[in-house]
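One structure is given here, and the rest of the page talks about it.
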Amino acid sequence: MSIVRVKPEARMSDAVIHNQTLYYTGVPENLDADAYEQTANTLAQIDALLAELDSDKTRILDATIFLPDAADFAAMNKAWDEWVVAGQAPVRCTVQAKLMNPRYKIEIKIIAAV
């Protein structure tokens, strides 16, 4: 089976597809925004990538959310709850972790069917 690397660069690819499964990690572009807005921005990026690859958020199997500040958990959940499709939510884990860019309030890793 082939491995498809989406927009590969020397260090990493935007996404990787293998065996009809997509792997992707999104980070916010709006680095001056609060946790709610950064989450919404990152989820919008996920939507755009999935659409580009003929999938959508109802096909996300697993999501891991990295938050550097546990105080942002409610704001992240607010954006997530507005975005996720009721009855189609993936398995989800939220981890408090120091992120490499101190301006990131969130990072989201997904695995989805394509």
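Worth a mention:
- Within the same chain, aspartates and glutamates fewer than 8 places from Lys57 are excluded, and of the rest, those with a Cα less than 14 Å from its Cα are Asp47, Asp81, Glu82.
- Helical content of the chain, expressed as a calculated mean residue ellipticity at 222 nm, amounts to -8500 deg cm²/dmol (DSSP H runs of 4 or more residues, -39,500 (n - 2.57) each, divided by residue number, nearest 500).
- By definition, a body whose alpha carbon gyration tensor gives a ≥ b ≥ c is oblate when a/c is 1.5 or more and a/b is not larger than b/c, and region 3-113 fits this oblate description.
- Excluding same-chain neighbours fewer than eight residues apart, the lysines reachable from Lys105 by a Cα-Cα span under 16 Å are Lys78.
- Here the relative contact order of the chain, from alpha carbon pairs under 8 Å that lie six or more residues apart, stands at 35 percent.
- Partner lysines for Lys98 [C-alpha distance under 17 Å; skip if fewer than 8 residues away on the same chain]: Lys109
- Antiparallel %, DSSP beta bridges [both residues in region 3-113], to 5: 75 percent
No lab work stands behind these numbers, since they all come straight from the coordinates. No experiment lies behind these values; they were computed from the predicted model shown.
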